[in-house]
Structures are given as C-alpha cells and as structure tokens.
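Worksheet: one structure, shown below.
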Amino acid sequence: MALLDILEFPDPRLRTQAKPIEQMDDEVRRLCDDLLETMYEAPGIGLAATQVNVHRRVLVCDVSEDQSQPLVFINPEIVEQSADESTYDEGCLSVPGFYESVDRPDSVVVRALNREGEAFEMQLDGLLATCVQHEIDHLNGKLFVDYISPVKRQRIRAKLEKQHKKRA
C-alpha cells in the first residue's frame with residue numbers, strides 16, 4: 001500500500017470527469033487500498049480517486065469513530081434520493097481548513113461494485129449519505145465549494161493559492 005498525494009483546490013485536475021472501471025483486477029484493488037490508507041492518514045472520512053489524480057470511478061469512506069467500517073464504492077451511482085434535505089458543514093481533503101454548509105438529500109440509494117467487483121445496492125442516510133454524495137461529486141469533477149456563493153468560493157481560492165505559493 002502507498003500514501004498518495006492529494007490534489008488541492010484550485011488544481012484544475014480536480015475538475016476531471018472520472019472514467020468507469022471496466023474490469024476488476026489487482027490494480028483496482030490496490031487503488032482501493034491506497035485510497036483507504038491515504039484517507040485514514042490525512043485524516044478524513046472519504047476520498048475519491050480524482051482527488052489523488054487517478055481519474056477512475058472509485059471512492060472510499062469510513063464515517064465510524066474508530067475507523068473500523070471502511071467502504072469501497074466502484075462505479076457508484078445514486079439510483080434514488082429523498083426529497084428531504086439535510087445541511088452539514090462539509091470539509092474536504094482537497095480544500096483543507098475550510099468548512100461550509102451544504103444542503104444535500106437526507107438519504108440516497110447507491111448502486112456500485114465492492115472491492116471484489118461484486119454489485120451491491122445500499123441505502124445510506126445521515127453523515128454517510130452526505131459523504132458518499134460529496135465523493136461522487138468529486139468523480140464528476142465537482143467540489144463542495146461549487147455549492148457556496150461565488151464570493152466565498154473566490155475567498156477560499158485566494159487563501160489556498162497564497163498557501164500554495166508559501167510552500168513552493
């Protein structure tokens with residue numbers, strides 16, 4: 001397993017649409033393991049392959065307190081969502097240090113493949129539903145800052161660009 005570098009906003013590669021996994025193999029399973037290791041190390045509760053500059057439709061998450069419930073979603077798609085919405089203060093490993101309120105459906109049904117390539121459907125609600133929706137957005141080239149006002153988004157962009165220049 002390997003720790004992967006996480007891209008940070010406003011890196012344009014975060015806007016890339018991920019391509020579906022056509023065939024399950026050891027490379028895809030290794031990617032799943034590397035994503036989990038990177039997410040736990042960061043530390044975070046979710047990570048999409050797009051965030052580590054791998055443009056394949058894979059995401060991982062674990063919203064448990066003790067990091068004991070890792071989930072892998074390959075080629076995830078939301079097949080059903082509730083009309084009711086919840087608001088969470090979302091953060092993102094690609095937008096470090098910033099949290100903003102985002103409204104999303106309360107619950108969703110997601111269809112995907114697991115790490116072994118087996119199809120499953122799962123009803124998600126609460127934080128897990130929010131997390132998976134957030135990560136699917138990444139696979140579609142969308143970030144949580146796209147849900148906030150352009151003024152707030154530009155302020156976050158400017159602060160992160162300044163931090164990037166200091167590090168360079």
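The values are calculated or read from the model by the stated rules, or taken from the named source; none is laboratory data. The structure displayed is predicted, hence computed values, not measured ones. Every residue, glycine among them, receives a Cβ derived from its backbone with ideal geometry; neighbour counts consider all protein chains shown. Heavy atoms of the whole protein, side chains included, go into the accessibility calculation; ligands, DNA and RNA do not. Shrake-Rupley method; radii C 1.70, N 1.55, O 1.52, S 1.80 Å.
Every listed requirement among (1) in a helix (DSSP H, G or I); (2) more than 16 Å from residue 105 (Cα to Cα) is met by residue 141 save one, (1). Within the stretch 135-146, is even one residue open to solvent by 10 Å² or more (accessible area, probe 1.4 Å), more than 23 Å from residue 34 (Cα to Cα) and not basic (Lys, Arg)? Yes. Taken over the stretch 149-166, the residue count meeting the criterion of being touching a strand residue (DSSP E or B) at 6+ places or on another chain (Cβ under 6 Å) and either acidic (Asp, Glu) or open to solvent by 70 Å² or more (accessible area, probe 1.4 Å) (or both) is 0. Answer yes or no as to whether residue 159 is of a type in the set (Lys, Arg) and over 16 Å from the mean Cα position of the chain (by Cα). Considered against the rule, which asks whether it is of a type in the set (Lys, Arg) and over 16 Å from the mean Cα position of the chain (by Cα), residue 159 comes out as yes. Of the residues making up the stretch 5-26, those that are farther than 14 Å from residue 58 by Cβ, open to solvent by 60 Å² or more (accessible area, probe 1.4 Å) and in a loop (DSSP other than H, G, I, E, B) number 1. Of 48, 2, all but one fail to be open to solvent by less than 20 Å² (accessible area, probe 1.4 Å), touching a helix residue (DSSP H, G or I) at 6+ places or on another chain (Cβ under 6 Å) and not polar (S, T, N, Q); the exception is 48. The residues on offer are 129, 112, 83, and the sole one that is among the small types (Gly, Ala, Ser), outside any strand (DSSP E or B) and open to solvent by less than 10 Å² (accessible area, probe 1.4 Å) is 129. On the basis of being open to solvent by 40 Å² or more (accessible area, probe 1.4 Å), modelled with pLDDT of 95 or more and not hydrophobic (A, V, I, L, M, F, W, C), does residue 29 make the cut? Considered against the rule, which asks whether it is open to solvent by 40 Å² or more (accessible area, probe 1.4 Å), modelled with pLDDT of 95 or more and not hydrophobic (A, V, I, L, M, F, W, C), residue 29 comes out as yes.
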